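What follows is one structure encoded as structure tokens, with my remarks underneath.
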Amino acid sequence: MTTMNTHRAAGRAVTPLTSSRRAARAVGGSAVLGTILAGTAFAGGTSAMANDTELAGSDEAAVTATSAPVENVAQDSSSSSSQTLRQGDSGEAVEALQSALNEQGADLPVTGYFGSMTHDAVIDFQGESGLAVDGVVGSATQGALGGSADSGAAGTAAGATAVPASSTSSSGSAIVAAAQSAIGTPYSWGSSSLSGMDCSGLVAYAYGAAGIDVPRTSSELAAQGRSISQSEAQPGDLVTWPGHVAIYAGDGQIIDASGSQQQVVEREIWGNPTGFVTFR
């Protein structure tokens, strides 16, 4: 699936199942960025687009590594010898990078995923700092970030920063509104626009509209989001199945690009989801 409730369809109110959210996210600011990078390794390579599959025998897509799009494919940030950060990386070091960039004037949700918006923020920072502009966070960029916002990081208790509940609610509304605007869009495997999209393409489209970086494939979305219970799910969070992902719209409803119906639809949660995850 791809390029997130007051914006829901008229006549149906949206009632989040619970108001509790995570209180904080580990971000360490720029003072912690160098420490994390020094002890963290990042993997390279690409991963194939995951199957957008709903139920066995119904919504299935044949996927091969040679035919799958590889743009914005996430890399696990725990198994390589490189100490640089680049688009596609994820993990605590990316959270620290996003926090450090925010201290320099960026406005990034701290998701721990290095997507296109984080890449653009790095490029802006490099240009303003007189560094080589390549979007890659190497030693020079790390040094510039680490030496400029130590006081801000020192004021953050336990290396964490609170995520305001109003911000979470606002982003959820934006995600759901963008997803609802795509209802009726034809199903198109590997695509993420209003001319056609698959399940993770819908997520990328809706989250991009809310200014949030997320991985591109359903398997990466399930693996890299923070796992929550169904009772914790709020509009804009994700519901996952093996090879499929949907946007939770509230009141037991989801919005997803359905392979069986060959379009983006809003419907009740079907089957047996394997989990609920959040990137907020």
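Read-outs: derived from the displayed coordinates by stated rules, not from any lab. All of these numbers come straight from a predicted model, not from anything done at the bench. Counting neighbours? That spans all protein chains shown, and the Cβs are built from the backbone with ideal geometry, glycine included.
Taking every C-alpha pair closer than 8 Å and separated by at least 6 residues, the mean separation divided by the residue count of the range 165-278 gives a relative contact order of 28 percent.
When each of Ser173, Ser231 is scored by the number of other beta-carbon atoms lying within 10 Å, the sequence from fewest to most is Ser231, Ser173.
For Met197, Met117, the sequence from fewest to most other C-beta atoms within 10 Å is Met117, Met197. Simple spin-label estimate for Ala140 and Ser181 gives 3.8 nm between the two label positions (7 Å along the Cα-to-Cβ direction from each Cα).
What the Cα atoms of the range 174-280 give is an Rg and a Dmax of 11.9, 34 Å. When Leu145, Leu97 are sorted by how many other C-beta atoms sit within 10 angstrom of their C-beta, beginning with the fewest, the order is Leu145, Leu97. On the basis of the beta-carbon distance and an R0 of 45 Å, Thr84 and Ser260 show a calculated FRET efficiency of 0.60. The stretch between Val133 and Arg226, if pulled fully straight at 0.36 nm per residue, gains 30.3 nm over its current Cα-Cα span.
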